[in-house]
Ligand code: ADP
Ligand code: MG
């Protein structure tokens, strides 16, 4: 567990020249492909935010991880890079699943993963959220996908219809775990996880860490490393 950093991350895209973004450790010290390093530079991601610096070395080494840091601290990159690194683009099967509480968040995560995935050719990301028509989702899935980003209920629905299977899953991400629990998704998450291979990496991200999130983590994770950046008051 890490203590609060001297310089908590600011949403760096909103303030590209803030000292917090510029002075953090460089992405270049991470074991990433040259193409990915170049892509990060193109995206303007030069220095890691504190949660990225604390979690990426562990997640890229394949550890299960519980990561807690406030909204806007750059958590998407902290799980996006590990899931892309584990992925085999030549294997056209679902290798990563990111569960999010809402469609809006799933769309944001999808956009960010697509930007990060530009370093690789032809990685397909499909978003599966409730409240969206199912037909276009069925059509996208028919053509296959590498990465699914979705809400637990709709992902479960596709698993039940057998329009989605998780046999090739390598990385499971529970994003905004606290909000997913608040929204009553605990049972749906459990049912999704039950259909994922036991051999996998599980990454849990949350802005807060109430007891319910801790219970969820203990249920689904193997000897997780913990990275918690406390809020400054
Ligand atoms: P969180 O999930 O913690 O709320 P996000 O992943 O949505 O945070 O990131 C917040 C913003 O910070 C996004 O606009 C993202 O593009 C930007 N960002 C993330 N990491 C970096 C970085 N290392 N340098 C600059 N900007 C970053
Ligand atoms: Mg987030």
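The values are calculated or read from the model by the stated rules, or taken from the named source; none is laboratory data. Remember, it's a predicted structure, so these values are computed and weren't measured experimentally. Cβ: placed from backbone, ideal geometry, glycine included. Neighbour counts: every protein chain shown.
Checked against (1) under 25 Å from residue 86 (Cβ atoms); (2) modelled with pLDDT under 95, residue 167 passes all but a single condition, namely (2). Of the candidates 114, 103, 118, 90, the single residue that is without any contact (Cβ under 8 Å) to a residue 24 or more places away in the chain, within 16 Å of ligand 1 (Cβ to nearest atom) and surrounded by fewer than 21 Cβ atoms within 10 Å (Cβ to Cβ) is 114.
Can you tell me which residue within the range 202-233, out of those that are in contact with a helix residue (DSSP H, G or I) (Cβ under 7 Å, 6 or more places away or on another chain) and in a strand (DSSP E or B), is farthest from residue 56 (Cα to Cα)? Within the range 202-233, the match that is farthest from residue 56 (Cα to Cα) is 206. Quick check on my filter: what residues within the range 152-177 are surrounded by fewer than 17 Cβ atoms within 10 Å (Cβ to Cβ) and assigned to a loop (DSSP other than H, G, I, E, B)? If the condition is that a residue be surrounded by fewer than 17 Cβ atoms within 10 Å (Cβ to Cβ) and assigned to a loop (DSSP other than H, G, I, E, B), then 162, 163, 165, 167, 168 are the ones that fit.
Of all the listed residues (77, 109), the sole one being modelled with pLDDT of 95 or more, within 17 Å of the chain's Cα centre (by Cα), within 12 Å of ligand 1 (Cβ to nearest atom) and within 21 Å of residue 193 (Cα to Cα) is 109. Scanning the range 195-232 for residues that are within 16 Å of ligand 1 (Cβ to nearest atom) and within 20 Å of residue 97 (Cβ to Cβ) returns 203, 204, 205, 206, 213.
To keep it simple, each residue is scored yes or no on (1) more than 13 Å from the chain's Cα centre (by Cα); (2) modelled with pLDDT under 95; (3) in a loop (DSSP other than H, G, I, E, B).
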| residue | (1), (2), (3) |
| --- | --- |
| 1 | yes, yes, yes |
| 8 | yes, yes, yes |
| 17 | yes, yes, yes |
| 31 | yes, no, yes |
| 39 | yes, no, no |
| 45 | yes, no, yes |
| 57 | yes, no, no |
| 84 | no, no, no |
| 97 | no, no, no |
